[in-house]
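Structure, as structure tokens:
The values are calculated or read from the model by the stated rules, or taken from the named source; none is laboratory data. Worth saying up front: this structure is predicted, and the values here are computed from it rather than measured. Glycine gets a Cβ as well: all are built from the backbone with ideal geometry, and neighbour counts include every protein chain shown. Ligands, DNA and RNA are stripped out before the accessible areas are found, and what is left, the full protein with its side chains, is counted by its heavy atoms. Shrake-Rupley method; radii C 1.70, N 1.55, O 1.52, S 1.80 Å.
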Amino acid sequence: MRRRTVLAGITTGLAAAGTGPAFASARRPVLHVRPGDAVQAAVDAVDGPGATIVVHPGTYREIVNVPADKGELTIRGATGDPRDTVIVFDHANGTKKSDGTTYGTPGSATFTSGAPGLTVRDLTLANDWLRADHPDITGTQAVAAYVTGDRSSFENVRFLAHQDTLFVDTTALDAFDRQYFHRCYIEGDVDFVFGRATAVFEECHFHTLPRDVTFTPKGMVFAPSTARANPHGILAVRSRITSGAEDGAYKLARPWVPSYETTARPSLVVRDTWIGPGIDPVTPYVNMRDAYPWQAMRFREYRNTGPGAVVTVPENRPQLTGEEARLHTPEVYLGDWRPCA
């Protein structure tokens, strides 16, 4: 299988590559990263809150980790087109380290952040590890972005991978960290938007990939693992769901109840969203484990449209009432935080 192309083109006319990230201003620190530089070096150079890292067009094959002490950091692509600037690597859950251990699912991420107040915009985060290239590896989760920090905002970002593309997590089991995704594109196959964060997706595009397998479902878009005490899990609003696979090959979601938090009660609301024919309209939800049936979780829809949203068996597609829908909006989920779009 050919590795996906993650860079559509490089914008010309920019300054030549330097030897390292350069500060543009001492008062409002702005670091510029160009091909030949490392994004991680720029992150490491940040000293104090409020810095901006501008990543110029190119493909940066590296792992980037934003630690919790780099708060209020902005990382953005230089051109405004997320296809021009790509950060990509190829670790999977089962990839072995030099000491013989494996990375695990969070450790496979190309981009990791635990920083509060993070803003990422106008670039691509990708994991181009492919199952077909590694038939000996059974831990096939390969994360593009693993995010835990509260008030993490992503604007016009592409997330590309296959299984477990985007891991929306929290800093601790008792934390209800909030994340906001606006006009983002997320593609994958199995559970490719998953986790326990309060995560709002507004005007986003979810795309299920074709898979050369004989079974169905071929995958699921969402796999929330919301804490029981958290009233707000994953919310997708005014978005669209398309597919590169055949009609009905995918499920909308399944609940993930982790072994380390068996009290979780996953929450997902998909509302005012166009759902294409790739999603099975008759049985859009499925169990991950029968001990935790999806019917016992908090899965709801509201005013969705499209062939994948047709309600043929009402008990298989629980709907919000109009009154309930007022409690499931970006403003309610994000509380006192208003991310800048």
Residues of region 170-195 being in contact with a strand residue (DSSP E or B) (Cβ under 9 Å, 6 or more places away or on another chain) and among the β-branched types (Val, Ile, Thr), which ones? THR170, ILE186, VAL190, VAL193
Collect the residues in region 303-312 that are open to solvent by 40 Å² or more (accessible area, probe 1.4 Å) and either of a type in the set (Asp, Glu) or at pLDDT 95 or above (or both), keeping them in residue-number order. ARG303, THR305, PRO307, VAL310, VAL311
Return only the number of the condition from (1) among the hydrophobic types (A, V, I, L, M, F, W, C); (2) open to solvent by less than 40 Å² (accessible area, probe 1.4 Å); (3) over 20 Å from the mean Cα position of the chain (by Cα) that ALA253 does not satisfy. (3)
Just a yes or no: is a residue in region 288-298 of a type in the set (A, V, I, L, M, F, W, C), within 21 Å of THR216 (Cα to Cα) and open to solvent by less than 40 Å² (accessible area, probe 1.4 Å)? yes
Give me the residue from region 163-179 that is touching a helix residue (DSSP H, G or I) at 6+ places or on another chain (Cβ under 7 Å) and either aromatic (Phe, Trp, Tyr) or open to solvent by 20 Å² or more (accessible area, probe 1.4 Å) (or both) and, out of that set, farthest from GLY77 (Cα to Cα). ARG178
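Give me a count of the residues in region 70-98 that are among the small types (Gly, Ala, Ser), open to solvent by 10 Å² or more (accessible area, probe 1.4 Å) and under 22 Å from GLN163 (Cα atoms). Even if it seems obvious, please write down each step before you answer.
From region 70-98, those among the small types (Gly, Ala, Ser) are 71, 77-78, 80, 92, 94, 98; that's our starting set.
Narrowing the set further to residues that are open to solvent by 10 Å² or more (accessible area, probe 1.4 Å) leaves 71, 78, 80, 94, 98.
After this cut, where a residue has to be under 22 Å from GLN163 (Cα atoms) as well, the list is 94.
Residues meeting the conditions: 1.
Would you pick out the residues in region 273-287 that are open to solvent by 20 Å² or more (accessible area, probe 1.4 Å) and within 20 Å of the chain's Cα centre (by Cα)? Lay out the reasoning, then the answer.
From region 273-287, those open to solvent by 20 Å² or more (accessible area, probe 1.4 Å) are 274, 277, 280-283, 286-287; that's our starting set.
Listed by number, the list holds a single entry, TRP274.
Of all residues in region 330-341, which are surrounded by fewer than 16 Cβ atoms within 10 Å (Cβ to Cβ) and on the phi < 0 side of the Ramachandran plot? If you could, list the steps in order and put the result at the bottom.
Restricting attention to region 330-341, the residues satisfying the condition of being surrounded by fewer than 16 Cβ atoms within 10 Å (Cβ to Cβ) are 331-332, 335-338, 340-341.
Of everything in region 330-341, those that are surrounded by fewer than 16 Cβ atoms within 10 Å (Cβ to Cβ) and on the phi < 0 side of the Ramachandran plot turn out to be GLU331, VAL332, ASP336, TRP337, ARG338, CYS340, ALA341.
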Residues of region 56-69 being out of contact with any strand residue (DSSP E or B) (no Cβ under 8 Å at 6 or more places or on another chain) and surrounded by 16 or more Cβ atoms within 10 Å (Cβ to Cβ), which ones? none
Do any strands (runs of 3 or more DSSP E) entirely within region 222-313 hold 2 or more residues that are of a type in the set (Ser, Thr, Tyr), and if so, which? 240-243
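The rows are residues; the columns are (1) out of contact with any His (no Cβ under 9 Å at 6 or more places or on another chain); (2) open to solvent by 20 Å² or more (accessible area, probe 1.4 Å).
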position: GLY100; (1), (2): yes, yes
position: LEU123; (1), (2): yes, no
position: TRP129; (1), (2): no, no
position: HIS134; (1), (2): yes, yes
position: ALA142; (1), (2): no, no
position: ARG151; (1), (2): yes, yes
position: GLU155; (1), (2): no, no
position: ARG158; (1), (2): yes, yes
position: ALA161; (1), (2): yes, no
